1. Cβ under 14 Å from A:Arg267's Cβ, A:Arg267 left aside: what net charge do those residues give with Lys, Arg +1 and Asp, Glu -1?
2. Please state the shape class of the stretch B:2-76: rounded when a/c is under 1.5, otherwise prolate if a/b exceeds b/c and oblate if not, all from the C-alpha gyration tensor.
3. Put a dot 7 Å past each Cα toward the Cβ at A:Phe264 and A:Asn209; how far apart are the dots in nm?
4. Using 7 Å Cα-to-Cβ label points, what is the A:His328/B:Ala43 separation (nm, one decimal)?
5. Under a point spin-label approximation (7 Å from Cα along Cα-to-Cβ), what is the A:Ile84-B:Leu50 distance to one decimal in nm?
6. Taking a label point 7 Å from the Cα of A:Ser178 along the Cα→Cβ vector, which residues of the stretch A:33-59 have an amide N closer than 20 Å to it?
7. Kindly provide the GluC sites (Glu not before Pro) of the stretch A:126-210 that DSSP labels as loop, not H, G, I, E or B, and whose Cβ sees at most 13 other Cβ atoms within 10 Å.
8. Can you give the net charge of the other residues whose Cβ lies under 13 Å from the Cβ of B:Ser35, counting K and R as +1 and D and E as -1?
Amino acid sequence: MEKEIISSRQFTIITFLLSIGTAILIVPSSIASSSKQDAWIAASIGVVLSLLVVKLFLTLGDQTPTLNFIEANEKLLGRFFGKITVVGFLSLTLFAGGELLYFIGAFMKTEVMPETPTLAFALLFIIIIMYATYLGLENFARSAEILFPMFVLIFIFFVVSITPQIKFENIQPIMEASKTSILYSIIRFISVFSFSLVMLLMIYPASVNVQQSSKKGFYIGMLLGGFVLVTLITLSILVLGPANTASRTFPSYALAQRISIGNFLQRIEIIMAFMWIVSIFIRTFMYFYTTVVGIAQIMKLKDHRPLILPMGIIMVGLSQIVHPDIVHSNIYNDEIWPIYAFVCTILLPILLLIVAVIRNRKSQGNEAKTVNGENKQENEANIGNADTNQQKQADTGNSDSNHQSQTNTNNADSNHQSQTNTNNADSNHQNQANTGNSDSNQPNQTKTGNSDSNQPNQTKTGNTDSNQEHQPKSDNAKTNQENQE
Amino acid sequence: MVLAIAILIISIIIALLYIPKLKKQQETKTILVFSILLLIGTALNMGIALKINIPSPLDFITFIFTPIKDFIVSLTK
């Protein structure tokens, strides 16, 4: 696959439109139903908390500057566990992509063209998405750049023309909602708004030209998107009232229907619908692109393009079966999606981040570590050695075997029960000698003599057996580590 | 019925367009993944066209995460 590079400005725009995404359509009613007129407070808190989410993604991106999210999974967790997590992640993107096609179909069918089957909209939409994916990320970024000013203009026009209808009684009394309902609203808002930004890790470290300014762009895009959403939610409540907002499926569309300038300029909601069609296009593209590229990468294919048509067919099919009706979709989006998304887009990056930080510290030859940390490392090193050897660093094999021998020395010192086998202990001593040697030669020297002397230790069965014994313990250690972090 | 046959024909056309090209490039693995995905997609869409009741994959996800949801709800009560 050839490398595609987008500019940091394009990246900001993609972040902006992606974070708006479907949230513009479904979030107002969802959070107004739980926290009533205080929904705007919940949304504002959600935007602030999203800063932490973005911080997490950026930190993970910095740890793996040349890889995208899928490759990082496989590199950090090893081939086997990496594949499992990637499949979990891709299930999320695939189903969510199908869901978005369902949303665009449901939206058009209920509000605009009631007699057209949803399949028609899904089909038309996926054709554009497939074409965009076929042309690649750069073309997509340019098209986002063209759509962005239109989006902003329409949004400003929308806000200005709806302002005369604001009734401040709708938002009073302020702060009446209970803490629990606010909490639920925040969770729902974040799960739709910022959890999907994890897909930008497919672009962020590897395919942007200036990483520093795209880092800023990530924050700016997210904050601007949050601003748009908070404005829309506030306007929905101010104009429609909390009860009306909650009972509608697509309150922002109902809001656009209220626009009436001098009883002359009316019924312009379909122009306003341009906004959410654009933002849903961006988000669906990202889901689709992530799925296609992800499948191509875990299967180690050279090109992802042949997979576009079959995946498009699957996604159209999915859009017809994901939700039998809108109630199913509401329940799913309110109750299950936040947890599902949290596991795949927050817990998984946190896990990757912990592994990446420990690995990086390791490869710098930092010795100030606890035995627990060592054990955990060793576990990963084992996985890496046994399963992958995919690492692109020239010195990986060398450093990994060094890690093993280091951990062995530690084991020999602290865990006496592992030394019942004298043979094992002997090999540990050998390792100790080697460790000293390799440490003095660090970092990153690919000395053949050195690596040769380490290689036999790696293949020694007694040694690896003792490693295996420590693995149950390392699970404990892992949880400890997580707590510390 | 007509729709299902149309979907089948479209899928066959897609396969005929892509597979010889990939064969020329000697990408056996791509052909395999491509065929599997195309097969799933065709079967799915034909099932929809024939109005067979296919369960939503999200029901499975719901089944997995419902205990966690119940736990969280019980915490906040």
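All of the numbers you see were taken from the coordinates with simple rules; none came from a lab. Bear in mind that the values here come from a model prediction, so they are computed numbers and not experimental data. Every residue, glycine among them, receives a Cβ derived from its backbone with ideal geometry; neighbour counts consider all protein chains shown.
1. Cβ neighbours under 14 Å give a net charge of -1.
2. On the way: a/c = 6.40, a/b = 1.93, b/c = 3.31.
Oblate, because a/c is 1.5 or more while a/b does not exceed b/c.
3. Output for this residue pair reads 4.6 nm.
4. Label at A:His328, label at B:Ala43, 2.0 nm between them.
5. 3.6 nm
6. Under 20 Å, as judged by backbone N against the label point of A:Ser178, lie A:33-43 of the stretch A:33-59.
7. Counting only loop positions with at most 13 other Cβ atoms within 10 Å, the GluC sites (Glu not before Pro) in the stretch A:126-210 are A:Glu176.
8. +1
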